[in-house]
Amino acid sequence: MLLDALDLSPALDVLDVGAGDGRLLRELARRGHAGRVVGVDPTPGPGVQPAHAEALPFPDASFDVVLFARVLAHLPDPARALAEARRVLRPGGQVWVAAHGPAHLRATWAALGQPPAPGDAPPESALTVTCPLTVTADDARFLMGTYGKEAEVSPHLFPVQDAAQLLVWRP
């Protein structure tokens, strides 16, 4: 659903920062994305390069889109990560930030140095797209694993309805 909301042109070069196990990269490939698609993560999965968001190993102006899906609010230096995203972004490119639910969205904006009050809208430079989603017990286990955690997940508590809020930020 996130990729549906992004509606990326198949010719764009995309960098997925915090790509984890490479799930998004594989889905782009499955959809026939023809542009270069690269993922980086400090603990990379298959097909993902080892790198930190605050020190991207690419030349200036290398990508059309830099994507932070569920990651920016968790970085030790989100401002440095955004500076790196701007550095590797081509003129006219976009940085996309995706966060789950309103509380995570507020945490993401706080990480960007722009903490909104509850109910405040994102800055005018951002476009917000909300995608409803259903989290299953398997999804919860997977998400816990992306944080390096294991937990007993009670299947009777699922499915849970949530929303992914996608922000498009134009540097």
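Does Leu67 satisfy the condition of being in a strand (DSSP E or B), modelled with pLDDT under 90 and not β-branched (Val, Ile, Thr)?
no
Test Arg106 against the stated conditions and say whether it is assigned to a helix (DSSP H, G or I), at pLDDT below 80 and open to solvent by 10 Å² or more (accessible area, probe 1.4 Å). Spell out the reasoning first.
Values: assigned to a helix (DSSP H, G or I): yes; at pLDDT below 80: yes; open to solvent by 10 Å² or more (accessible area, probe 1.4 Å): yes.
Here the answer is yes, as Arg106 does meet what is asked.
As an exercise: evaluate Pro122 against (1) at pLDDT 65 or above; (2) surrounded by 12 or more Cβ atoms within 10 Å (Cβ to Cβ); (3) not hydrophobic (A, V, I, L, M, F, W, C) and give the number of the one condition it does not meet.
(1)
Taking only region 11-42 into account, find how many residues are exposed (fewer than 15 other Cβ atoms within 10 Å of the Cβ) and either of a type in the set (Lys, Arg) or not in a loop (DSSP other than H, G, I, E, B) (or both).
5
I'm told Val37 meets every condition in (1) at pLDDT below 95; (2) of a type outside the set (D, E, K, R); (3) under 21 Å from Gly92 (Cα atoms) except one. Can you identify the failing condition by its number?
So Val37 meets the others, but not (1).
Could you tell me whether region 52-60 includes any residue that is within 19 Å of Ser9 (Cα to Cα) and not aromatic (Phe, Trp, Tyr)?
Just the residues of region 52-60 that are within 19 Å of Ser9 (Cα to Cα), to begin with: none.
No: zero hits.
Scan (1) at pLDDT 75 or above; (2) touching a His at 6+ places or on another chain (Cβ under 6 Å) for the single condition Ala164 breaks and write down its number.
The number of the failed condition is (1).
Just need a number here: residues in region 43-57 that are surrounded by fewer than 16 Cβ atoms within 10 Å (Cβ to Cβ), at pLDDT 95 or above and assigned to a loop (DSSP other than H, G, I, E, B).
Taking region 43-57 and keeping what is surrounded by fewer than 16 Cβ atoms within 10 Å (Cβ to Cβ), we get 43, 45-47, 49-50, 55, 57.
Narrowing the set further to residues that are at pLDDT 95 or above leaves 49-50, 55, 57.
Narrowing the set further to residues that are assigned to a loop (DSSP other than H, G, I, E, B) leaves 57.
So the count comes out to 1.
Out of (1) at pLDDT below 85; (2) of a type outside the set (D, E, K, R); (3) out of contact with any strand residue (DSSP E or B) (no Cβ under 7 Å at 6 or more places or on another chain), the odd one out for Ala83 is which?
Of the numbered conditions (1) at pLDDT below 85; (2) of a type outside the set (D, E, K, R); (3) out of contact with any strand residue (DSSP E or B) (no Cβ under 7 Å at 6 or more places or on another chain), the odd one out for Ala83 is (1).
The values are calculated or read from the model by the stated rules, or taken from the named source; none is laboratory data. Here the structure is a predicted model, which means the values were calculated and not measured. Cβ coordinates were reconstructed from backbone atoms using ideal geometry, including for glycine residues, and neighbour counts include every protein chain displayed. Note: accessible area is taken over every heavy atom of the protein model, side chains too, but ligands, DNA and RNA are not part of it. Shrake-Rupley method; radii C 1.70, N 1.55, O 1.52, S 1.80 Å.
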